[in-house]
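The values are calculated or read from the model by the stated rules, or taken from the named source; none is laboratory data. Model, not experiment: these values are computed from the prediction. Every residue, glycine as well, gets a Cβ built from its backbone with ideal geometry; the counts of neighbours run over all protein chains shown. For accessibility, only protein heavy atoms count, side chains too; no ligands or nucleic acids. Shrake-Rupley method; radii C 1.70, N 1.55, O 1.52, S 1.80 Å.
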Amino acid sequence: TVFLRSSNRIYVRHCTFQSSYTWYSITTVSSGNIEILNCTFADVYSTDRNGAIRVDFSINITTISGCTFQGNIISAGLISISNSNGRMHITNCTFQNSTGSHFAINVTGSRESIYITDCVFQNNVAPLISIESSGPIKIADCIFRNNNMIQISTHCSDDVNISNSTFQDNSNYGMLITMSNSSSGISIADCNFVNNTVTFVINAELIEHI
């Protein structure tokens, strides 16, 4: 496990974290930019006190890119981001073959923009993305395939945009996507929903475009 506290930049690159059961594999508290690039997290057991990545009190840009999350047990956020005043970018990551009852990506108390782009979520038996934010949310160019449980849950007071993404062969007794309390707008555009077994594909208070 790695604990990093800094007022400057934090970089973690080309590392492998496997069979982790103690605290988070990477924990950061920083007022500078944070980059976690091309890392692998495998067989991580995520509870309320440990997981793959924890980011607290970031005020600049946090980037998680090119990472693979595979075969993990999710009992809390695999990626946990809280109390952030900085922008969040999760891009070109793969989440696969994980199980659990809590979200793989769990964001709370964010006050800036959150982007999840070009990611693949496949063969997971766990809920995937939960975001509570007062800043805008963009999920684009992602693939959600053969997952069980809810895919995306947002609670946001700014714009929520989901675009150019594919949802295929997923199942859930409830909803595939749920959005609530957006005082601005909710947009779902240019997405493909194919062969999903769910009660509701989308549950939202306001949808501008489908």
Q | For the stretch 187-195, Karplus couplings with θ = phi - 60° (6.51, -1.76, 1.60), whole Hz, Gly/Pro x | A | 10, 10, 9, 6, 10, 10, 10, 10, 6
Q. Tell me, what HN-Hα J-couplings in whole Hz come from the Karplus equation 6.51 cos²θ - 1.76 cosθ + 1.60 at θ = phi - 60° for each residue of the stretch 67-80, using x for Gly and Pro?
A. 9, 10, 10, 9, x, 9, 9, 10, 10, 7, x, 5, 10, 10
**Q.** Mean accessible surface per residue for the stretch 86-210, computed with a 1.4 Å probe while every protein chain stays in place, in Å²
**A.** 42
Q. Just for the stretch 52-140, what percent of DSSP beta bridges are antiparallel, to the closest 5?
A. 0
Q: Could you look at the stretch 83-210 and say what percent of its accessible area is carbon and sulfur, using a 1.4 Å probe and all protein chains?
A: 43
Q: Take the alpha carbon atoms of the stretch 100-127, find their center, do the same for the stretch 76-91, and report the distance between the two centers in whole angstrom.
A: 9
**Q.** Under 5 Å, built H, 5+ apart or other chain: amide partners of Ile64
**A.** Ile36, His89, Ile90, Thr91
(Q) What distance in nm lies between label points placed 7 Å from Cα along the C-beta direction at Ser171 and Phe200? (A) 2.2
